[in-house]
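Read the structure below first, then the notes.
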Amino acid sequence: MNLLEKEDLIKVKAEELENATPEEIIRWAVETFPNITFACSFGAEDVVLVDMIQKVSPSTDVFYLDTDYHFKETYETRDIMAEKYGMEFVRVSPQITVEEQALQYGESLWNSDPNQCCAIRKVEPLTRILSQYDAWITGIRRDQAPTRANSKKVEYDNKFGLVKFNPIANWTTEDVWNYIRENEVVYNPLHDRNFPSIGCEQCTRAVMPGEDPRAGRWSGSDKTECGLHK
């Protein structure tokens with residue numbers, strides 16, 4: 001399938017699948033693009049999608065970007081999920097260690113230049129792993145941030161050059177947590193401590209009452225995305 005054929009198919013399916021269930025979207029995605037993967041960050045949305053993928057297509061690759069700066073609770077969630085589902089998460093690491101980064105760019109790059117830090121520890125590893133696939137699945141939702149408001153259930157990802165599926169794009173936070181409770185899905189305990197959005201430990205704080213759910217990410221700067229999606 002060439003690029004034009006993919007784009008035409010995506011436009012049609014984006015409309016057809018807008019009201020489909022996430023499971024239906026995942027099923028069509030893995031059947032149409034067998035060489036597909038899911039990017040998991042172990043947040044609430046992503047643990048929901050891991051559960052769905054395990055029910056629909058357990059052989060589908062699931063990877064995570066190990067920035068080496070995750071909370072210990074995030075790694076613990078990974079391990080509990082791997083045991084529960086009898087699966088192995090594909091670990092994708094930056095090309096340089098945290099020590100090498102400190103030598104090249106100075107200590108606390110996440111403070112002095114958070115975009116550069118994300119580029120090294122997230123964007124480059126993601127670009128590298130996605131180059132091996134024809135499509136990927138994400139847990140982004142339209143109401144998470146203005147930059148995600150126009151996300152379609154199926155779209156062509158020009159940044160990484162492959163098809164992108166956002167099965168729960170139209171879900172609310174309540175939808176996510178209803179699924180977690182109803183299906184007894186393992187989730188990151190930081191969510192119970194006012195961390196609605198969880199990234200690296202150095203760049204994530206708890207959210208205070210009345211704040212935007214993503215206010216805890218890169219707090220004190222105008223940065224809102226790590227560069228993976230926009």
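For the stretch 130-138, check the following and say yes or no: at least one residue is at pLDDT below 95 and open to solvent by less than 60 Å² (accessible area, probe 1.4 Å).
No; the residues of the stretch 130-138 include none that is at pLDDT below 95 and open to solvent by less than 60 Å² (accessible area, probe 1.4 Å).
For Tyr64, only one of the following conditions fails: (1) surrounded by fewer than 18 Cβ atoms within 10 Å (Cβ to Cβ); (2) hydroxyl-bearing (Ser, Thr, Tyr); (3) in contact (Cβ under 8 Å) with a residue 12 or more places away in the chain. What is its number?
Here Tyr64 meets the rest and fails (1).
For residues that are outside any helix (DSSP H, G or I) and within 30 Å of Val92 (Cα to Cα), tally how many sit in the stretch 1-43. Write out each step before concluding.
Going residue by residue through the stretch 1-43, those that are outside any helix (DSSP H, G or I) are 1-2, 17-21, 33-43.
Pick out the ones that are also within 30 Å of Val92 (Cα to Cα) and you get 1-2, 21, 33-43.
So the count comes out to 14.
One line per residue, one yes/no per condition, for (1) assigned to a strand (DSSP E or B); (2) within 17 Å of the chain's Cα centre (by Cα); (3) in contact (Cβ under 8 Å) with a residue 12 or more places away in the chain:
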| position | (1), (2), (3) |
| --- | --- |
| Ala119 | no, yes, yes |
| Val123 | no, yes, yes |
| Thr127 | no, yes, yes |
| Lys152 | no, yes, yes |
| Glu155 | yes, yes, yes |
| Pro167 | no, yes, yes |
| Asn170 | no, yes, yes |
| Trp177 | no, yes, yes |
| Asp192 | no, no, no |
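For the structure I just gave you, tell me whether Tyr133 is more than 14 Å from the chain's Cα centre (by Cα), over 22 Å from Ala82 (Cβ atoms) and either hydroxyl-bearing (Ser, Thr, Tyr) or in a strand (DSSP E or B) (or both).
No, not satisfied.
Among the residues of the stretch 197-207, which ones are crowded, with 20+ Cβ neighbours inside 10 Å and part of a loop (DSSP other than H, G, I, E, B)?
Listed by number, the residues that qualify are Ser197, Ile198, Gly199.
Any idea which residue in the stretch 139-150 is surrounded by the most Cβ atoms within 10 Å (Cβ to Cβ), counting only those that are in contact (Cβ under 8 Å) with a residue 60 or more places away in the chain and among the basic types (Lys, Arg)?
Applying the filter and picking the extreme gives Arg141.
The values are calculated or read from the model by the stated rules, or taken from the named source; none is laboratory data. Please read these numbers as outputs of a predicted model, since none were measured by experiment. As a convention, Cβ positions derive from the backbone with ideal geometry for all residues, glycine included, and neighbour counts pool all protein chains shown. The area values use the complete protein model at the heavy-atom level, side chains included, leaving out ligands, DNA and RNA. Shrake-Rupley method; radii C 1.70, N 1.55, O 1.52, S 1.80 Å.
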